[in-house]
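One structure below.
Just so it is clear, none of the values below were taken in a lab; they were calculated from the coordinates. Owing to the predicted nature of the structure, the values given are computational and were not obtained by experimental measurement. Using ideal geometry, Cβ is built from the backbone for each residue, glycine included, and neighbour counts are taken over all protein chains shown.
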Amino acid sequence: MKKTWVLTVGLVLAAIVSFACGGGDASPTTRPTATSPAATATSTAMEDPTATSPAPTATTAASSGGASVTLKIGSASSDDLKFANESLTASAGAEVVLTFSNNAATQQHNWVLVQNGTKDAVATAGVSAGPASSWVSPDDANVIAHTKLTAAGESDQITFTTPAAGTYQFVCTFPGHNLTMFGTFEVTP
Ligand SMILES: [Cu+2]
């Protein structure tokens, strides 16, 4: 009789344990489900480094496009109010080292890179700015780069980065020279 009671208690305990284990199994089953959003969050976090990498790639593209280019341009010989070359070319984003040589006998000249179609407006603004500013208005948004005003026989070297691909102009902004002394600056992609 005592053995039967022990056996009954044993069976009841076994049932409780198996129920507890079953309940225990249920919660681990729930946890992986709770963990998978976390895993999704981790993979989303891994997309962030991927999103950041285009920035360095863009920098690399800018620096590879940023080849160093040497350009030389002079004014026409004698006192002709012209440049010796009427066109220059460089690729977009290039670092240009440009030397402008004033080959004139007496004339003063400069070399000013401007937005296309603005050479005369830039020259007019330059007249107001005066010779102390090399006949270039320091606030002129149409001016991309410029040398100083050079005396006859003098030269000046400047360094600038080419703007986006497209057509630009260069001009001498000494009063009156802009009418004949200008050219085209092509920026290639
Ligand atoms: Cu000039």
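Shape class for segment 86-134: oblate, because the ratio a/c of the largest to smallest gyration tensor axis (alpha-carbon atoms, square roots of eigenvalues) is 1.5 or more and b/c is at least a/b. Residues whose amide H lies under 5 Å from that of A145, counting only those 5 or more places away or on a different chain, are L113; hydrogens are built 1.01 Å from N in the peptide plane.
In order along segment 104-113, the phi-based Karplus estimate (6.51 cos²θ - 1.76 cosθ + 1.60, θ = phi - 60°) of 3J(HN,Hα) comes to 6, 7, 9, 6, 8, 9, 9, 10, 10, 8 Hz; Gly and Pro are listed as x.
Put simply, the amide H of W135, placed in the peptide plane, has neighbours under 5 Å in G130, leaving out anything fewer than 5 places away on its chain.
This ranking places H109, H146 by how few other beta-carbon atoms lie within 10 Å of each, fewest first, which gives H146, H109. Each Lys and Arg adds +1 at its Cβ and each Asp and Glu adds -1 at its Cβ; summed about the Cα centre, segment 95-189 shows a dipole of about 120 debye.
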